[in-house]
1. With every protein chain kept in place and ligands, DNA and RNA left out, what is the accessible area per residue of chain A? Probe 1.4 Å, answer in Å².
2. Between copies, how far apart are the A:Asp79 label points? List them in nm, one decimal, shortest first, with each point 7 Å from Cα toward Cβ, please?
3. What part of the accessible area of the protein assembly as shown, given as a whole %, is carbon or sulfur when the probe is 1.4 angstrom?
4. At the nearest 100 Å², what buried accessible area, both sides summed, do you get for A and B when the probe is 1.4 Å?
5. In peptide B:62-70, how many Cβ atoms from other protein chains are near each Cβ within 10 Å, on average?
6. Considering only B:His119, B:His76, B:His103, give the residue with the highest GNM mean-square fluctuation for chain B, with springs between Cα atoms whenever their separation is below 10 Å.
7. Take A:Glu33, project a point 7 Å from its Cα along the Cβ direction, then tell me which residues of the stretch A:42-78 have their backbone nitrogen under 12 Å from it.
8. If one computes P(r) from the Cα atoms of chain A, what percent of pairs lie at distances over 26 Å?
There are 2 protein chains.
Amino acid sequence: MTEPAAGGFVVRPIGTVTSPLRDPAQAPKQGDEGAPDAWIAFDPAVADGLRDLRVGAEVLVLTWLDRARREVLTVHPRDDPGRPPTGVFSTRSQDRPNPIGLHRVTILAIDGLRLAVRHLEALDGTPVLDLKPVIGPVSER
Amino acid sequence: MTEPAAGGFVVRPIGTVTSPLRDPAQAPKQGDEGAPDAWIAFDPAVADGLRDLRVGAEVLVLTWLDRARREVLTVHPRDDPGRPPTGVFSTRSQDRPNPIGLHRVTILAIDGLRLAVRHLEALDGTPVLDLKPVIGPVSER
């Protein structure tokens with residue numbers, strides 16, 4: 001069983017994003033809307049978990065959007081005041097009760113504990129929580 | 001900024017899975033491998049965030065796999081001892097440093113704070129952390 005913390009569970013970063021994206025106002029809404037390539041530097045403690053990653057693989061990066069506002073429950077989609085307020089669970093807003101970012105990227109390079117990935121729409125310094133493979137058809141699992 | 005906890009950040013459940021799946025050994029590996037339909041009961045505090053969900057929509061459910069082992073970094077994929085040990089970040093193993101489950105489901109029914117979803121491979125009682133829409137082409141955002 002995972003150990004509960006006060007009011008929840010503790011996620012522990014396994015790595016950090018290094019990116020030219022520093023200003024939230026300049027960040028694209030999604031990775032395929034002009035996000036730059038970025039590096040993820042991993043904690044040596046999780047090295048064994050990384051060993052089967054391969055250049056060219058598509059992976060899901062889960063991040064902790066540490067600059068998000070957790071008390072927000074409705075937003076104007078895509079920050080467009082002309083669109084009616086919408087429940088955050090119907091949007092990809094970073095502002096939400098548990099601001100976990102989900103990013104589909106391709107691995108461009110692997111250099112020890114560092115991974116270069118294509119089109120990551122996360123700000124410089126964003127903590128990384130998990131990596132998962134994109135899964136294909138049942139026959140390939 | 002989100003507030004850091006000792007060694008990380010605190011995720012707070014927004015709801016809980018109610019499912020006939022009670023035995024981890026019986027759980028399918030993925031939702032499309034025979035997982036049952038399930039209900040998610042949400043905390044009244046997040047009601048405003050749910051209000052634009054619609055029956056028929058495809059959503060991603062993020063869960064906290066509270067029966068996972070966080071110290072595991074390599075596994076035999078699909079619990080098959082014939083397959084070589086593989087880094088967890090190249091697998092969908094529930095055992096991983098931050099055991100966040102990612103489940104793609106269709107909404108079958110909405111009843112106040114409860115949502116029925118198709119094919120959720122999460123055990124009864126699993127905490128729910130987030131819901132996100134499956135995003136389509138850029139033109140539809």
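1. Heavy-atom SASA per residue in chain A reads 46 Å².
2. Counterpart label points of A:Asp79 in the remaining copies fall at 4.6 nm.
3. The computed percentage sits at 51.
4. Chains A and B together bury approximately 5400 Å².
5. What the average comes to for B:62-70 is 3.
6. The residue that fluctuates most here is B:His76.
7. Counting backbone N atoms under 12 Å from the label point, the list is A:77-78.
8. So the pairs more than 26 Å apart make up 30 percent of the total in chain A.
The values are calculated or read from the model by the stated rules, or taken from the named source; none is laboratory data. Quick caveat: nothing in here was measured; it's all calculated off a predicted structure. Note that we place each Cβ from the backbone using ideal geometry, even for glycine, and neighbour counts take in every protein chain shown. Surface areas here come from the heavy atoms of the whole protein model, side chains and all, with no ligands, DNA or RNA. Shrake-Rupley method; radii C 1.70, N 1.55, O 1.52, S 1.80 Å.
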